[in-house]
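One structure is given here, and the rest of the page talks about it.
The values are calculated or read from the model by the stated rules, or taken from the named source; none is laboratory data. In this text, all values refer to a predicted model and were calculated from it rather than measured experimentally. Here the Cβ is made from the backbone with ideal geometry for all residues, glycine too, and neighbour counts use every protein chain on show. Note: accessible area is taken over every heavy atom of the protein model, side chains too, but ligands, DNA and RNA are not part of it. Shrake-Rupley method; radii C 1.70, N 1.55, O 1.52, S 1.80 Å.
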Amino acid sequence: MKIRAKLVTQYTLVTIAILTAVFAFVYVLTSRTIDKNYYSILSEKAFTTAHKHFEQDEVSQRAYQIILENYRKVLPEAIEVLFNANNEHHLKDSLNIYLSNDEIGTLLNKTKVLFKYNDLNGVAIYYPDNEGDFIVIVMASNTQGEYIKKELLAILFTVLFLSSALVFALSWWNATLISRPLQVLASKTQEIGANQLHIRIKEPKGKDEIAQLVRFFNLMLERLEFSFASQKAFIANASHELNNPLTAIIGECDVMQLKDYNSKEYKKAIERIQEESFKLKELVKHLLRLAQTDLDISESTLVEINIEKELIAIAQHFELSKYQGRVYLHLDKIDNAQPFIIKANQSLMFIALQNIVENACKYSDQKVSVSLETNSKYKRITIEDKGIGIPTKDLNKIFEAFFRAQNTYQYAGYGIGLSLVEKIVGQTKGKINVCSEENRGTRFSITWKT
């Protein structure tokens, strides 16, 4: 069953159930009121009948005339039965025609009894008099009351049927409006494939759940489109980068097969092959690291790490490298400030910071300043060099995989390091800011709010 049919069916059934309960309550309440009112009239008739038969010699002529007038006005069609209550055994046999034993017991205790006899409503009263005790029974058919009940029942059924039809029609119209965006969404999803990720669904007005669903679906398509584009660019760039050293190796081997070389020439050729093989190895290592970083970021558990200790370890690492003496570490902590602790993957954060420092050393022949600043509002790492800088037009592309600024081609590298940095820092909710001026230097700062 479709959502629209489900909504209409459930809403209509719930409405019918509520209306049925309300109408049943109204009918029962009205029926009881009619019966109660009629029994009150029967009771009045019973007492008037008793007064008519037993009070003539006890009241004035005028008072008795009033009794007779009331007697004629109240239910003139009523059936009257009178019994002498002095003979209890004979009385019970007579009363059994109309009343049950329990009702007879109640009546003999001088309590009024309301009862049903066939289609008649009846009232029985115990009437003591100076001439003796009597039982007065009055019975009549509540024709008008039964008519009102039948008419009320017919009206309630008619209203229930018309209301149900109206509710069904309105529910169908409302469900159609609600489900229309879902139908569009379902239709569009069938059109969207790997080559149609640019398709977007028109967002409905409002802020309801369906509008949110369409909005989130469009955002998902944007992410998928960006991811597919990134994958295509990655594959294209990786293929290009891998092709260069492989072509050089194959070309060198082809040349070596064309003629005989002496040992010195063979040695030089092997050195060239070795150099290209080393480049290929480094490129493959960087590609694997890039792919592994995505996996580690998605599966890693963040732990609290002390960035100050990580920076000290990085500075010591560069003291043992070809950049010995180039990295200057400066720690600037305001008094009583919290330790520079953040949640991150420790090995990945070490790689990120190491990549930025290594880039600074690579593109500068002067000292590289690494400073750490922490206070009550933020924690910040700043890495600054006096190197070649980054051209202004390339600043917004430096975090793309395989991208290299136009003034870096004479330096070894593959354009992967900063892409790793952005992914790792983004995982820790840090913000990277880059300021650079060509031939003046570059400053990277990573900030975490406290």
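If you check ASN87, ASN101 for being out of contact with any His (no Cβ under 6 Å at 6 or more places or on another chain) and open to solvent by 90 Å² or more (accessible area, probe 1.4 Å), only one passes: ASN101.
Checked against (1) open to solvent by less than 60 Å² (accessible area, probe 1.4 Å); (2) out of contact with any Gly (no Cβ under 9 Å at 6 or more places or on another chain); (3) modelled with pLDDT of 85 or more, TRP173 passes all but a single condition, namely (1).
Here is the figure for region 121-144: residues that are buried (at least 16 other Cβ atoms within 10 Å of the Cβ) and in a helix (DSSP H, G or I) total 0.
To keep it simple, each residue is scored yes or no on (1) farther than 24 Å from LYS429 by Cα; (2) of a type in the set (D, E, K, R).
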| site | (1), (2) |
| --- | --- |
| GLN354 | no, no |
| LYS367 | yes, yes |
| LYS379 | no, yes |
| LYS386 | yes, yes |
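When the residues of region 424-435 are narrowed to those that are open to solvent by less than 30 Å² (accessible area, probe 1.4 Å) and assigned to a loop (DSSP other than H, G, I, E, B), which ends up nearest to TYR378 (Cα to Cα)? Among those residues, the one meeting the criterion is GLY430. Against the test of being open to solvent by 70 Å² or more (accessible area, probe 1.4 Å), at negative phi and at pLDDT below 80, the options LYS377, LYS367, LYS343, LYS333 yield a single qualifying residue, LYS333. Evaluate the following for VAL113: is it surrounded by 15 or more Cβ atoms within 10 Å (Cβ to Cβ), among the β-branched types (Val, Ile, Thr) and over 21 Å from GLY145 (Cβ atoms)? So VAL113 fails the test. When region 389-423 is filtered for residues that are outside any loop (DSSP other than H, G, I, E, B) and open to solvent by less than 30 Å² (accessible area, probe 1.4 Å), the ones remaining, listed by number, are ASP394, GLY417, LEU418, SER419, LEU420, VAL421. Considering region 71-84, the residues that are surrounded by 13 or more Cβ atoms within 10 Å (Cβ to Cβ) and of a type outside the set (Val, Ile, Thr) include one that is nearest to LYS52 (Cα to Cα), namely TYR71. Counting only residues that are surrounded by 12 or more Cβ atoms within 10 Å (Cβ to Cβ) and under 30 Å from ASN121 (Cα atoms), region 1-23 holds 3 of them. Here LEU114, LEU170, LEU177 are screened, and the one residue that is of a type in the set (A, V, I, L, M, F, W, C), farther than 30 Å from LEU7 by Cα and out of contact with any Pro (no Cβ under 7 Å at 6 or more places or on another chain) is LEU114.
If you check LYS309 against the conditions, is it farther than 20 Å from THR442 by Cβ and buried (at least 18 other Cβ atoms within 10 Å of the Cβ)?
Values: farther than 20 Å from THR442 by Cβ: yes; buried (at least 18 other Cβ atoms within 10 Å of the Cβ): no.
Answer is no for this residue.
Of everything in region 200-243 that is surrounded by 14 or more Cβ atoms within 10 Å (Cβ to Cβ) and either part of a loop (DSSP other than H, G, I, E, B) or of a type in the set (Asp, Glu) (or both), the residue that is modelled with the lowest pLDDT is GLU241. Residues in region 351-364 that are in contact with a helix residue (DSSP H, G or I) (Cβ under 8 Å, 6 or more places away or on another chain) and open to solvent by less than 50 Å² (accessible area, probe 1.4 Å): ILE351, ALA352, LEU353, GLN354, ASN355, ILE356, VAL357, ASN359, CYS361. The single residue among LYS45, LYS92 that is more than 53 Å from the chain's Cα centre (by Cα) and open to solvent by less than 80 Å² (accessible area, probe 1.4 Å) turns out to be LYS45. Selection of first residues in region 163-186 that are more than 14 Å from LEU13 (Cβ to Cβ) and of second residues that are surrounded by fewer than 13 Cβ atoms within 10 Å (Cβ to Cβ), restricted to Cβ pairs under 6 Å at least 6 apart or on distinct chains, gives the following pairs, ordered by first then second residue: SER179/ILE3.
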